[in-house]
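What follows draws every value from the coordinates through simple rules; no lab data is involved. Since we're looking at a predicted model, the values are computed, not measured. For neighbour counting, all protein chains shown are included, and Cβ atoms are generated from backbone atoms with ideal geometry for every residue, glycine included.
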Amino acid sequence: MSFRGPRARPLLAALTLAAAACAPPRAPAPEVLLLVSIDTLRADHLGCYGYARSTSPAIDAWAAGGTLFEDVTSPSPWTLPAHASLLTGYYPSRHGLKELDRQLPGGARTVAEMLAEAGWATAAVVNSQHLGPRFGLARGFAELVYLEERMDQREPTRRLVDLAIEHLHRPRDRPLFLFLHTYDVHSDYRSLPEHEAPFLRDYGGPVDGSTGQLIAFRKGELSLGPRDAARLVDLYDAGIRQADAEFARLLEGVERSGRAAETTVVLLSDHGEEFLDHGGVLHGRTHFQELLRVPLVIHGPGVPAGRRVGAPVSLVDVAPTLLALAGVAPPAGLDGIDLSPTWKRWGGAPTPRLLFAEADHNNAEPDILRTVRDGRHKLILDRLDRTSRLFDLEEDPGERTDMAGRDPRTAARLRAEIARFLQLRPVGEAGSAALSQEEIALLRSLGYLP
């Protein structure tokens, strides 16, 4: 049947009106779009993701009023490429920001740049050198505050939250995009005594949660066993509780601003952390789920309460979703997709697709591992020795059993998908610049340089 000619016009008009009547009204763009990144936060250590310990009461209560994505994959297990992906919507091979001597290419535009062009005020309050001007991720933020925190401090990042709240309370005549990044959960694992007390169990060993000590373990200069790993988890969980308390303060600041009903908050992390789950510590080196599975919760006007989305999604989906929330059309060609249809009545789960991860760090060479998921199956390929491991995440969520030998067809299919992925063209050539001695010292203290 062909709908052509004058007689078709009344029918098309009727169909258009019927569709408009069935569709829910479009939610207005928020006046405030607040993106909060809690660095190094594992999804499986939050109560709203099923953790038994009370690490995150404020986050849990807040998340119940929004939409939570249960299965979110980071495209990289460390801060720089992961944040570059979530702020641009491109995988690391496309934006090129995989190493510490690179800068984001101009072709990889950030969310802040696109929102600023659309008339939004933009501001960032961060305490990671990765997110400052050095690597290009600050592009588009009209105001940027970078506060360097001591990694051995116990105090929470109160100054960051205070500055974020100050931005929320300023009078303005246009909408605001505000990005807040904190390191409370990152090593060193040290928190205020009141946050440590509920989590620290009896322990008489040497572990203190310092980055230097964990690097010594990586170098083979220190042995760690199950009790030591449990101690690290206790210290890490206390850090989550401290970050949770600061998030509660931030939410109070949103309420006091008088714009809570017009504010959308997006909470996420860039990667997780290892506690001997597969024999390692810290992050950056492997692609197991303890590093790649991260939280993502969205709460605001038009976002339904109590919605949990089980379909696998990626941090590359954050940028197009933020743009859609702001009413700005995402550019063509992004690797990520807009997730807002998952909470709209006519939407649902995203179309099944492949998800990728890459850009490991601090191994024999940079960027050795390539990972692809087709939903339940996950393949990790080592480009140096050409070995691959295949896991069935539904049957084996802890990734203990390599299925590559038992299911060679799936392994071969996913290896071919990685080869196709690597044929994608970069959006530009990443610039290069040498690190200063001060930058090297800071990055070494964080465990990002040997």
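Kirkwood Rh over alpha-carbon pairs of the chain, then Stokes-Einstein at 37 °C and 0.692 mPa s: what D in µm² s⁻¹, rounded to an integer? Can you show the working numbers first?
Numbers: Rh = 22.8 Å.
The diffusion coefficient I find is 144 µm²/s.
If you line up the long axis of helix 158-169 against the longest principal axis of the chain, both from Cα atoms, how many degrees apart are they, to the nearest 10?
The two axes meet at around 20 degrees.
Using Cα-Cα distances under 8 Å and only pairs 6 or more residues apart, what relative contact order does the chain have, in percent?
It rounds to 25 percent for the chain.
Helix 408-421 versus the longest principal axis of the chain: what angle, 0 to 90°, nearest 10, using Cα atoms?
So the helix axis and the longest Cα principal axis differ by about 70 degrees.
Share of antiparallel DSSP beta bridges in the chain, in percent to the nearest 5? Walk me through the numbers on the way to the answer.
On the way: 25 of 52 bridges.
Approximately 50 percent, going by the DSSP bridge assignments.
Starting from the Cα gyration tensor of the range 302-439, take the square roots of the eigenvalues, sort them a ≥ b ≥ c, and report rounded, prolate or oblate (rounded when a/c is under 1.5, otherwise prolate if a/b is larger than b/c, else oblate).
Working: a/c = 2.02, a/b = 1.16, b/c = 1.74.
The shape class here is oblate.
Using a Gaussian network model on the chain with a 10 Å cutoff between Cα atoms, which of Ala216, Ala238, Ala142 fluctuates the most?
Top of the fluctuation ranking is Ala216.
For the range 203-214, what does the Karplus curve 6.51 cos²θ - 1.76 cosθ + 1.60, with θ = phi - 60°, yield as ³J(HN,Hα) per residue in whole Hz, taken in order and with x for Gly and Pro?
Ordered by residue, 3J(HN,Hα) equals 7, x, x, x, 5, 10, x, 7, 4, x, 5, 5 Hz.
Just how large is the dipole of the chain about the Cα centre, in debye to the nearest 20, putting +1 at every Lys and Arg Cβ and -1 at every Asp and Glu Cβ? Spell out each step's value before the answer.
On the way: 51 positive and 59 negative charges, 402 e Å.
The dipole magnitude comes to about 1940 debye.
Going by average Cβ neighbours within 10 Å, how do the peptides 36-46, 394-404, 118-128, 59-69 rank, with the highest at the top?
On the way: 36-46: 24.6, 394-404: 13.5, 118-128: 21.3, 59-69: 19.5.
Final packing ranking: 36-46, 118-128, 59-69, 394-404.
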